[in-house]
Ligand SMILES: [Zn+2]
């Protein structure tokens, strides 16, 4: 669950609402920082930067040459280049587990090498890898990190219209697992950096491209491993951009708003176990652990956590009010602290599942385990709970890195497109790839260019 700030679109382009630019406003711990710290786990293997081989690099699509700042036709070219690269990237199956990110890292290194950028590849455990590349600025400002993960979640091909790992380009889309989450964004990040180099834009900050393993299943050898094992490569950075945030589009593709992730709730997963006397199902025991568990879970399911308005959510709702057409909703959003005191307004607000999760700690009971035989009373029963805490409510919040981090999506998505993330028929339109490269280029240029 991400907390976002809103920027309003203007005539199909985009623009930030009042001071919501990258260096205005919030300086809060965000998900990337949280991830970096949370996932920092023990490394068992020594760090070994390995050179990326040239030999097995696939034939890469042609580069879009730039002479100075990109023009309209250049953005088209960069969009097409993004599509061709993404199609290849999707074909490298990085379903995690196991991930096999090393192959993807080698491919990314070859892509970067076309533009004279050398990468370092780290292989914490065999087959799993992180890639690090740095485009130099003049050093007068601290670096910007473009963070992305190379692994993807499982795809069940029987539910897809296309092979999820064929990288098909058809009907105006690049199809495949990772098109949105987050190989598509990774390619956009890469091309925005590379395009700045091609255009010869002088930079005041270094731009760091960091592609990691293990985001989808945290085995601890991705971003966290890099922070723990190679703090010297990252710690001087001032800003970090990662996935998160939303660009909402209507069915016609018009941008409704740009949301930027500035902070994120913390998962606090719990397992609940009850014990009792085992026996045969035909002779009920008074302390059947399954009954005990069900009674407890019934109370948890009925429990309503209190509503809390964090400053980030207050700002987000306030910005959302500007584009809300319904007058009742607009009033509630504009002054959410007052709205939650009113039971009718509070009920209306929290009937939106997203708003509800932004306004409280949440508890979802997601798993149950007891006997696998109908006629056996087990000695133990257990349940797992997905609890999510609002920012600032987790005492173990970490600020050790101190990198100001934002979740930014490069693609305006309508509802149908958004459902592809971790779902079926994940795809990104060619128009969105062009938009995304342009959008990220503008952000990175604004932050990093002299
Ligand atoms: Zn992701």
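Remarks
- Sequence-distant contacts, meaning Cα pairs under 8 Å at least 6 residues apart, place the relative contact order of the range 53-193 at 27 percent.
- Gain on full stretching of the segment that runs from residue 372 to residue 113 - 0.36 nm per residue minus C-alpha separation: 87.7 nm
- The spread of Cα positions in the range 200-272, taken along each principal axis and listed from longest to shortest, comes to 55, 46, 19 Å.
- Modelled this way, with points 7 Å down the Cα-to-C-beta line, the labels at residue 305 and residue 251 are 3.6 nm from one another.
- Rg ratio (alpha-carbon, reference 2.2 N^0.38 Å) - the range 94-196: 1.20
- Counting 0.36 nm for each residue step from residue 232 to residue 166 and taking away their Cα separation leaves a gain of 20.0 nm.
- Cα pair distances of the range 256-351 binned at 5 Å [whole percent]: 2, 10, 14, 15, 12, 9, 8, 7, 7, 6, 5, 4, 1
- Relative to one another, the C-alpha centroids of the range 192-238 and the range 69-91 are positioned 21 Å apart.
- Estimated distance in nm for a label pair at residue 325 and residue 65, the labels positioned 7 Å out from Cα along Cα-to-Cβ: 4.8 nm
- Shape of the range 311-359, Cα gyration tensor, a/c cut at 1.5: rounded
- Distance from the range 104-172 to the range 291-314 (C-alpha centre basis), Å: 39 Å
- Taking the range 311-359 and dividing mean pair separation by its residue count, relative contact order in percent (alpha carbons under 8 Å, at least six apart): 29 percent
- 17 Å cut-off, amide nitrogen to a point 7 angstrom out along residue 295 Cα→Cβ, residues in the range 247-279: 273-278
- Estimated FRET transfer efficiency when R0 is 56 angstrom, pair residue 415-residue 283 (beta carbons, to 0.05): 0.60
- Point-to-point label distance, residue 431-residue 347, nm (Cα→Cβ direction, 7 Å offset): 4.1 nm
- For 324, 123, order by how many other beta-carbon atoms lie within 10 Å, fewest first: 324, 123
- Cα gyration tensor shape for the range 343-436, rounded if a/c is under 1.5, else prolate or oblate: prolate
- The residues 225, 160, when put in order of fewest to most other Cβ atoms within 10 Å, stand as 160, 225.
No value in this document is a laboratory result; all are computed from the given coordinates. On a predicted model such as this, the values are computed, not experimentally measured, just so you know. Virtual Cβ from ideal backbone geometry, glycine too; neighbours counted across all protein chains shown.
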